[in-house]
1. Output the residue which, of all residues in the range 13-22 that are at negative phi and in contact with a Gly (Cβ under 9 Å, 6 or more places away or on another chain), is surrounded by the most Cβ atoms within 10 Å (Cβ to Cβ).
2. Among the residues of the range 207-230, count how many are out of contact with any Asp or Glu (no Cβ under 8 Å at 6 or more places or on another chain) and more than 30 Å from R270 (Cα to Cα).
3. Only one of R60, R82 is in contact with a Ser or Thr (Cβ under 8 Å, 6 or more places away or on another chain) and of a type outside the set (V, I, T). Can you tell me which?
4. Test A149 against the stated conditions and say whether it is of a type outside the set (S, T, Y), more than 20 Å from L275 (Cβ to Cβ), surrounded by fewer than 24 Cβ atoms within 10 Å (Cβ to Cβ) and modelled with pLDDT under 90.
5. Across the range 244-267, what is the number of residues that are within 23 Å of P79 (Cβ to Cβ) and in contact (Cβ under 8 Å) with a residue 12 or more places away in the chain?
6. Six or more apart or on different chains, Cβ under 6 Å: which pairs go from a residue in the range 279-305 that's touching a residue at least 40 places away in the same chain (Cβ under 8 Å) and over 18 Å from D182 (Cβ atoms) to one that's assigned to a strand (DSSP E or B) and among the small types (G, A, S)? Could you list them?
7. Could we say that A117 is part of a strand (DSSP E or B), under 30 Å from R227 (Cα atoms) and of a type in the set (A, V, I, L, M, F, W, C) here?
8. Looking at the range 244-256, is at least one residue of a type outside the set (D, E), closer than 18 Å to A143 by Cα and out of contact with any Asp or Glu (no Cβ under 6 Å at 6 or more places or on another chain)?
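The values are calculated or read from the model by the stated rules, or taken from the named source; none is laboratory data. The model shown is predicted, which means the values in this text are computed figures rather than measured ones. Here Cβ is always computed from backbone atoms with ideal geometry, including for glycine, and neighbour counts include all displayed protein chains.
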Amino acid sequence: MFRYRFGGLHLSAEAPLTGLRSVGSASIADVRIGTREWQPPQPEEIIYQWGGGYALRLGRVGDYWSFGSCFDGRILVAPNGRSITLAPGTRPPSAGLADIVSRRVLPRVATLFGVTALHGASLCKGDAGLLLLGPSGAGKSTATAALAAAGWSILSDDISIVRDEGDPLIEPCTTGVCVWPDSFAALQLDDRACVSLPGYGGKLRYDPETEHRVSPARFGACVMLQRSADVTAIRIERIGQAQALMSAIRQLVVFNPVAAHEDQVAEVIRLNGILSKLPTFRLSYPEGYSFLPRVADELSRLLGS
C-alpha cells in the first residue's frame, strides 16, 4: 500500500501515483484509491465538460461521480469523496490517467472535505507561503519554475488548496511545476530534474526538490500576476478585498460547476473569508524572461524575506 498526503488529506493507494508526496506514517486514510478491471461502460450521465487539453468531463454512474478524459479509462468517486476507483483502459493504468487523478481529480475531491481550491501556483520560503493567481498566460508556471530554481519550495503549480482553520494555510498538493520547452531553455533548468508530462506534447514537469514538504505553510499573501507587452517596468500595488475577490472568483475550482446555487454561494463566502485575513497584491511585469529574477525579489519582499 502506498501512502501520500495531498491538500491536507491522507491517501492510501493500491498502486504508485506520480507527482504526489509520499509519507511514511500509517495514518488512517481520508481517501482510498483503488483499481478494478475495465468493464463495458455503464450508462453515464454527463453533467459538465471542461474541455481543454485533457478533455475532462464530470458525470454520474449510478450513485458515483465519474471523471473521464482524453485518456482511456474512467475514474469513479464515492459521493462523500472517501474512495476513488480507477477503471483503466490499459494495464497498468497509463501515465496520463494517473496524472488526471493527481492534478485534476484530487483537488476537486479535496473540496468535498471543506477546503478551497484555486487555479494558481503556490510556493513557500520557510513557513510563509504565497499564492500566485492570474489568467492563462500570466506566467504563473514560469515564475514558479524560476522561484523553485532559486530555492523556493513548490506547494502546487496548477490547483492550490487553502484550508481556513482560523488562520489560512496553503496545503502541499502535487510536486514540481509544468513548463513548456521554451521556458525550460530560457531558465536553463536542470534536465536531470525534468520528465515528460503526458497529454501535453513536449511539456515537462520540473522538480528540483529531493525532499518534498508535507506540512502546510502559513498563507502570507495572495498575488495577482499580470504579464503584458504594454508594461515596461515591474509594478506592485496592494488591492482591496472586493477587487481581490472578483479576481479570485474567476480562479475558483469547485467539484461540480453546475451544483445548486446555495452550494456555489457557500464557496464564494468561504473564499471571501480567507481573503479578508491576508493582503492581496497585483504584480505587473513585462514579457520576457530577463525580468524574472527581479520578480522573485519582489515576491521575497512580500514575505519579509
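1. Quick first cut of the range 13-22, residues at negative phi only: 13-18, 20-22.
Next cut, in contact with a Gly (Cβ under 9 Å, 6 or more places away or on another chain) only: 13-15.
On the way: A13: 21, E14: 14, A15: 14.
Across the range 13-22, the extreme among qualifying residues is A13.
2. Count: 5.
3. Values: R82 fails: in contact with a Ser or Thr (Cβ under 8 Å, 6 or more places away or on another chain).
Being in contact with a Ser or Thr (Cβ under 8 Å, 6 or more places away or on another chain) and of a type outside the set (V, I, T) holds for just one of R60, R82, which is R60.
4. Working: of a type outside the set (S, T, Y): yes; more than 20 Å from L275 (Cβ to Cβ): yes; surrounded by fewer than 24 Cβ atoms within 10 Å (Cβ to Cβ): yes; modelled with pLDDT under 90: yes.
Yes; evaluated as a whole, the condition is true for this residue.
5. We begin by selecting, within the range 244-267, every residue within 23 Å of P79 (Cβ to Cβ); these are 252-267.
Filter again for in contact (Cβ under 8 Å) with a residue 12 or more places away in the chain, leaving 252-258, 267.
Of the residues in that region, 8 qualify.
6. P279/A221; L302/A221; L303/A128; L303/G220
7. Working: part of a strand (DSSP E or B): yes; under 30 Å from R227 (Cα atoms): yes; of a type in the set (A, V, I, L, M, F, W, C): yes.
So A117 passes the test.
8. Initial filter on the range 244-256 (of a type outside the set (D, E)): 244-256.
Those left that are additionally closer than 18 Å to A143 by Cα: 251.
Next cut, out of contact with any Asp or Glu (no Cβ under 6 Å at 6 or more places or on another chain) only: 251.
The answer is yes; a qualifying residue exists.
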